[in-house]
Structure formats: C-alpha cells, structure tokens
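> Mind looking over this structure? Questions follow.
The values are calculated or read from the model by the stated rules, or taken from the named source; none is laboratory data. Just so it is clear, the model here is predicted, and its values are computed rather than measured. Backbone-built Cβ (ideal geometry, glycine too); neighbour counts: all protein chains shown. Ligands, DNA and RNA are excluded from the accessible area calculation, which covers all protein heavy atoms including side chains. Shrake-Rupley method; radii C 1.70, N 1.55, O 1.52, S 1.80 Å.
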Amino acid sequence: MIRDKLFADDPSSFPRAMTAYDGEKNIFSAVSLPTGTFKVQVSEAEDAKPRSYLFTIKLVNELEMHKLKDYLGGKLRSTPRDILQGMDVVVKEHPARTMISASRSFHSVRDHQIHLGHGIIASRGCQHSLKPTSQGIALCLDYSVLSFHEPLSVIEFLTKHISGFNLYNFRSFRRAVEGVLRGLKVRVTHRVTKQKYVITGLTRDDAQSITFPQEDPDGKASQNVRLVEYFRQKYHRDIVHQDIPCLEMRSKMKNYVPMEFCVLVEGQVFPKEYLKETEAKILKKFSLANPKDRQKTICRMVQDGDGPCSGEIIRNFGVEVSKNMTSLMGRVIGPPELKVGAPDGRVIKIPVDKEKCQWNLVGKGVVEGKPIERWAVLDFSSDDYQDRLNPRRFIPKLIARCQNLGIRMEEPLFYQPTSMRKFSNVDVLREQLETVNERAHKSCGGQLQFILCVMSRKDPGYKCLKWISETKVGIVTQCCLSTPANEGKDQYLANLGLKINAKLGGSNAELSGRLPYFGNENRVMFIGADVNHPGAQNKTSPSIAAVVGTINWPAANRYAARVRPQYHRKEQILNFGDMCLELVECYSLLNKAKPEKIVIFRDGVSEGQFDMVLNEELMDIMKAFKSINYTPTITLIVAQKRHQTRLFPGDEGSTGNVSPGTVVDTTIVHPFEYDFYLCSHYGSLGTSKPTHYYVLWDEHGLSSDDLQRLIYNLCFTFARCTKPVSLVPPVYYADLVAYRGRLYHEAVMEGQSPSSSSSRTSSSLSTAASLEERFFTLHADLENIMFFV
C-alpha cells in the first residue's frame, strides 16, 4: 500500500509500469528511480486519519544483462542468480497485481474454478519459474489445484459450511463457529476501507449486551456506550442479529464487529486435510486432468490477459515470451528383463508389457519368499458390527495367496480380537502390543516375525501403533482394513503378501541382468536421502531427515534406514555423514566388506540449494568416511519432482501420456551442466510428471546413457508393486521413512501429558522432546529391515 501510494503521488518520478516489486525489500526498475527518503501518507479507510511513513529507496545494484548471455554461452560458470531473481520478479509482477497469490501459484478470480460444496471452492492456479536452458531462458508453466474458502458473508459461509447451522440456536454451534472462523481474514461492509481484519474469536456477550467506554469529543471523561447504539449513530447501520456474539478482531485496542457486516477475504486456502470425503474426491478428480485437457488449460493460462506472459510490465523491461510450447526430440529406453519365482520354486526370467511396462504374478511368485512361521492377528475391528473382519474366511485366503507367491506361511500362532478404542490411548496401545508379544514368546519360545493389525477404518492412532511397534517393542506390523480384507480380491491379497515379504527380508522381483555400468563391480551401494518438513501452519515442529541405503548386491533391492529429527524447516541434513556411515557399517556386516562405490540420490532440494548439498552435505559424508580411513568413489544426484515441466507426446498413445522410459536430455535441460528428465512410470491417471535428475558430483564418469538406464532399471525394483515407479527407489523409500519419522513425532507429542507437552513445545526449535533422538531411534531388531514398505 505504501509503495503504491508513493508511486501514485509522483508517477513521473516513479512510473509503476516500469517497476516490479518482490513484496519485501527489493524493487527492480527498467528506468532510474529517485533515491533518498520520502514521506508517504496512507489512509486505510475513509474515516481514518492518514498515517505517515518514511520510505527509503537506495540503489543497491545495476544488473548487467550481458552476464546472463555469457552464462548461457558457457563463458561464465557462476550462476547470475541476481539477474534470474530480477527476471522472475518482473514476470510475476503482472499476475501479482491482477490475480490472487496463494502458495506459490496465481489464481484467477473468475476462471478455472469449481464449487466443492459447504462454502469451499477449488481453483486451478498457474505456477511458473524461469530456467536457464540450451535454448535460452525458458518459462516453465504448469498449474496446481488448491481449495479455498468461498468469499461469502460470514453468516452465509457458516450456513453453508456447518451442518445444520441455525442462527436462531447459535449457542449450540458456538464452539464449531469459533473453530471454523478463527484465523480467517475478513473485510467489513459498514464503512469504506481497504483494511483486512483477522478473526481471533467470538465475544463473550451477544451484540445487544456489549458496551465499551467512549471518550467525549474533548477527549476528557469516558462513558459506556452500547455497541448497537454506536453503530446506529456513527455508521447509520442497524444491527439485525443482536442476539448472537460479534467477531473479535486482532487489534491493539478492542475491536468487535457484528458478523452481518463481515465478508471473507478471497484467496484464503482451505487445508486439504480438512475436506470431507466427497469434497476430497471432487478435488482429486479436478486435479487429475488428462494430458490433452491439461495441455489446453496450460495454453489458455499462457494466453490469459492476467497471466505472466501478458501486460505492459514485461514489455517495458524488454522481455518477450513465446506463447508456443517448445518442440523437442525425446528417446524411449527399453524396459529390462526381470526375474521372478516359478510355481516349482525355480527362478525364471520374464519380459514386461511393452506399453505399460507392468508385469503380473498370476501363476508366478517372488524370487525369494521368507518362510513365515511365527505371526499373529490383532483384530481391532472385532467390536465393529458393520465392518468386522471375518477371520475364518480371510486368514486361509491370505495364507493360500502367499503360498502361491512362493511365501511359505504357517497358520497364525493366535488370533486376538480387540477394539478400535485402543487406538485412542498410547499407553493402552503399547500394553496391547507388549501383551501380544509376550503371549507369542510363551506360545513358541521365539519372537513374532510380524503382527497383522486389522482395522475397521483409518484412524489417527495408526501413527502411535507404528511408533510403539518400531521404536519400543521391536515388532514388524502390517496393517489392513477389514472391508477389502473381507472382499479378499486376489490383487489385494497379493499386494499384502508382497509387502509382508519385503518387510521380512524377502526379495519380490529382481533384474535379470546386471545393472548398467556397475554390472561387473564387486560392491556397490545406493543411498537415498530426503527431509520431511512440517505443514505451513506449523511454526515449531522439527523437520525429519531420512537416509536409506541398499544392503545387498548385485540385486540392490533391500534397504536399511535411519531417521533423525532436525531444526524446524532446515533442509540441510544434519549428521548426514554419520547416518551414511551407519548404513555402510550395516552393509559391511551383511556382506563382509564395505561398498567400493556409492551412488547418492538426494531429494527435495532446489537449484538454489545445490551449493549447500555440495559444500556442506557431501563434505560431511566424506569427512565421516575419512574418519575411518574409508574412501569409496561417490556420485551425487539430485532428484526433483517439484518443478513445472510437463512432457506431451507428439503422437498420442492410449492415455495421451509419454511412454515409460521417456528421456529428454536436450533443448530444455541446462546449457552446460549434467541433467535430464526421465518419465519412468506409466501414467494411467492424470498427466505424467517426469523426474528431473541433476548430477552434482560424479567420481565414476557415468555416461548419460548408462546413468539413465541405471535409474530406469532401478525403478523396476520397488518392492510394493509390479510396475516401474516414477521416482528412483532410494529416494522413494527415503520419502516413506521421512514421513514415518513425522508420524513418530506426532505420536510423541500426542502421547505426552498436557504439562510436559506445553513446556516442551514452547521453543522455536520444537524443543528438547521433539528433537531428542531417542524418540526416533529404531528398535535394534528393525534397524536393518524394510519395516517402512
């Protein structure tokens, strides 16, 4: 507001159309601006006194565009980030003025929207970024879908959003209303103002009972005035709904506004996790556009007068954007041959489907099935009359399906019915699991291999179950829902069998031939690393770092994992070297030698963090290895899924998506660095998104052909399914482990007493409790198996 007022007061000195503002402290200008300190008076409302601000402008840099040209031509090796940042702000300036900005995307106020019901809308918003490529600077544009509160009057929103809401029985809904409205922004309609107010709660009294002290015109004595009278005299507005509370607004002074004079500000995100099941389904369907429709929508957004390619601002900076998608040549890598089990126990080679690159296990089994001799069923659904498991039907069917897969499975040691209510208390749940474990010890004198936990529905207590079983009791658990278990479909039972076998150390499918490039090597290890950050609203919880590594060779399909908490929203992995060293020691224990070559895949970092990965994380790993006189050769690759590049085939297949194995390593990649896009999966739903692989460090001298085939072949070794996955498995597994660490943290926080919880979550680092590694330390029995699959 201050910037706009300054520019409006003196447009000849401060031409708004020649500048772009990043919303913080940087203005980029196509012309010279006056420097110095300027007094600006801003009035936030017609009846408010103007407030004075001192606005200081100083010249900090002149961007020399020839540096960008030199960089793109390979003459300058260091990235001109200041120029790219400036161009990015310039391209975003027009949509920032004409559209709603939310979560890194820009949403139209009138287009690309649908109603989800209950006062919630879904909107497609364009996301874009600038990338240096072989063809010059490229604008990468895609869209993402968010749910928003509909910009309705507060009363209308409550009527739509809260089931059965009745204004004349407000007391019954008071708690629900406060929960729904707290933190939302509103505009007021009883006076002319641009100001937005944040709701902090409801007044204790109804509007008709509220009074407040008011000074007389001389500023002397104060007298109590009724809110109803105040609005009538000052704003000439009668409050209709006097028998309900007013909204309390965040303010230095008490600020009460009747609900009927408040309207929700547009562009307020409604968290997806709070959507009802039907709303979530509509949102998902809206998000999963087929490739042809997505391509059309992207092209419309590029042509849109409100979008990043339009408006006079970019023209004033001498920027032009081609509104046609880039045409380029891609390649398709052929799928590898696989090994699976035959009915007679032999290992056989099978080809995969040429179009979908999938395979099935009908009449076939796993390569190595772990015999299951000691297991138990813990049935949490037994007291749910409607969704109760039928154990007499389900257990024999599961055993038979596992036998067909080549996994010898005995009858469970026992079946123990229990209740879903046990999930609501951490201590009760722990006692339940320990009781089952002790019962098994008495029954067979040995440790249970796993417990099958049957639930009648998804429950928040799932995280407590996993935390207790994996860090305290030391038992593998496999959860399933009673409804699909009772249906007993072959595919469902097979998937359960595959997960159980992988968790217990079996091998489901392997590559028939050796891996590209490393095929003749003795010992190679693949490592994956990721950091899981808390949600945007969470200001204190730790981030969770996870590192996984292969522990077998040459199959390279079994992994061990380590998980650690670290500082809130910190992307750099603390103790990365120590975690990698632990995994190397685990590999050495099982293989009687350390790996000679290591390939590390790092997930979740942007181009701006590459220097941190190289100079901090890689150095930490090398330092840890050097401390034990261990010097393997290392390749470090970043895998990115959060980008805006989409690939559309020139000649469409059955789904309109590019084929599995599609590689692009020209035109849209970096002008001189080592990167490529690989779409390794079959896109049956929505539009496929390729993974962007970026080689930051390579001591092996991998050719692009070898590396692309290596990554693609690894995508066929993911244990949970019979198709290649979209992300190289070391990274995929690291994602799963980091998310598991997030569940551990939530379980710890929920499991503490109110007194300890309040004292322990006070600091910005999320304090002692959540950062104590003992809460995340895996039980010794689970450290080196794939409990997370």
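> Can you pull out the residues in segment 604-627 that are in contact with a Cys (Cβ under 7 Å, 6 or more places away or on another chain) and over 21 Å from Asp735 (Cβ atoms)? I'd like the intermediate steps shown before the answer.
Filtering segment 604-627 down to residues in contact with a Cys (Cβ under 7 Å, 6 or more places away or on another chain) leaves 621, 624.
Selection gives Ala624 alone.
> Provide a single number: the residues in segment 102-120 that are under 21 Å from the mean Cα position of the chain (by Cα) and open to solvent by less than 40 Å² (accessible area, probe 1.4 Å).
First, the residues of segment 102-120 that are under 21 Å from the mean Cα position of the chain (by Cα): 102-107.
Next cut, open to solvent by less than 40 Å² (accessible area, probe 1.4 Å) only: 102, 105-107.
The total comes to 4.
> Let me ask you something else. Only residues in segment 666-682 that are surrounded by 22 or more Cβ atoms within 10 Å (Cβ to Cβ) count as the first member; pair them with residues that are small (Gly, Ala, Ser) and in a strand (DSSP E or B), Cβ under 9 angstrom, at least 6 apart or cross-chain, and list the lot.
That search, which allows pairs on different chains as well, returns nothing.
> Another question about this same structure. Go through segment 475-526 and report how many residues are of a type outside the set (A, V, I, L, M, F, W, C), buried (at least 19 other Cβ atoms within 10 Å of the Cβ) and farther than 23 Å from Gln403 by Cα.
Selection size over segment 475-526: 2.
> Go through (1) modelled with pLDDT under 95; (2) part of a strand (DSSP E or B); (3) open to solvent by 60 Å² or more (accessible area, probe 1.4 Å) one by one and return the number of the condition Arg204 breaks.
Arg204 satisfies every listed condition except (1).
> If you scan segment 281-310, which residues turn out to be of a type outside the set (Gly, Ala, Ser), outside any helix (DSSP H, G or I) and either without any contact (Cβ under 8 Å) to a residue 40 or more places away in the chain or under 19 Å from Pro95 (Cβ atoms) (or both)? Spell out the reasoning first.
Residues of segment 281-310 of a type outside the set (Gly, Ala, Ser): 281-286, 288, 290-304, 306, 308-309.
Now narrow it down to the ones that are outside any helix (DSSP H, G or I): 288, 290, 304, 306, 308-309.
The answer is Asp304, Asp306, Pro308, Cys309.
> Considering each of Ala738, Ala734, Ala747, Ala769 in turn, give the residue that is under 30 Å from Tyr492 (Cα atoms), modelled with pLDDT under 95, not hydroxyl-bearing (Ser, Thr, Tyr) and not in a loop (DSSP other than H, G, I, E, B). Explain how you work it out, then say what you get.
On the way: Ala738 fails: modelled with pLDDT under 95; Ala734 fails: modelled with pLDDT under 95; Ala769 fails: under 30 Å from Tyr492 (Cα atoms).
Exactly one of Ala738, Ala734, Ala747, Ala769 is under 30 Å from Tyr492 (Cα atoms), modelled with pLDDT under 95, not hydroxyl-bearing (Ser, Thr, Tyr) and not in a loop (DSSP other than H, G, I, E, B), namely Ala747.
> Give me the residue from segment 591-647 that is part of a strand (DSSP E or B) and either of a type in the set (D, E, K, R) or open to solvent by 50 Å² or more (accessible area, probe 1.4 Å) (or both) and, out of that set, farthest from Asn552 (Cα to Cα).
Going residue by residue through segment 591-647, those that are part of a strand (DSSP E or B) are 597-603, 633-640.
Still in the running and either of a type in the set (D, E, K, R) or open to solvent by 50 Å² or more (accessible area, probe 1.4 Å) (or both): 597, 602-603.
Numbers: Lys597: 13, Arg602: 20, Asp603: 22 Å.
Taking the candidates together, the pick is Asp603.
> List the pairs whose first member sits in segment 699-728 and is within 22 Å of Gly686 (Cα to Cα) and without any contact (Cβ under 8 Å) to a residue 40 or more places away in the chain, whose second member is part of a loop (DSSP other than H, G, I, E, B) and of a type in the set (A, V, I, L, M, F, W, C), and whose Cβ atoms are under 6 Å apart, counting only residues at least 6 apart or on separate chains?
Every condition considered, the pairs that remain are Cys715/Val725; Phe718/Val725.
> Suppose the filter is touching a Lys or Arg at 6+ places or on another chain (Cβ under 7 Å), closer than 20 Å to Ser105 by Cα, assigned to a strand (DSSP E or B) and open to solvent by less than 70 Å² (accessible area, probe 1.4 Å); does Val145 pass it? Walk me through it before giving the result.
On the way: touching a Lys or Arg at 6+ places or on another chain (Cβ under 7 Å): yes; closer than 20 Å to Ser105 by Cα: yes; assigned to a strand (DSSP E or B): yes; open to solvent by less than 70 Å² (accessible area, probe 1.4 Å): yes.
Against the criterion (touching a Lys or Arg at 6+ places or on another chain (Cβ under 7 Å), closer than 20 Å to Ser105 by Cα, assigned to a strand (DSSP E or B) and open to solvent by less than 70 Å² (accessible area, probe 1.4 Å)), Val145 qualifies.
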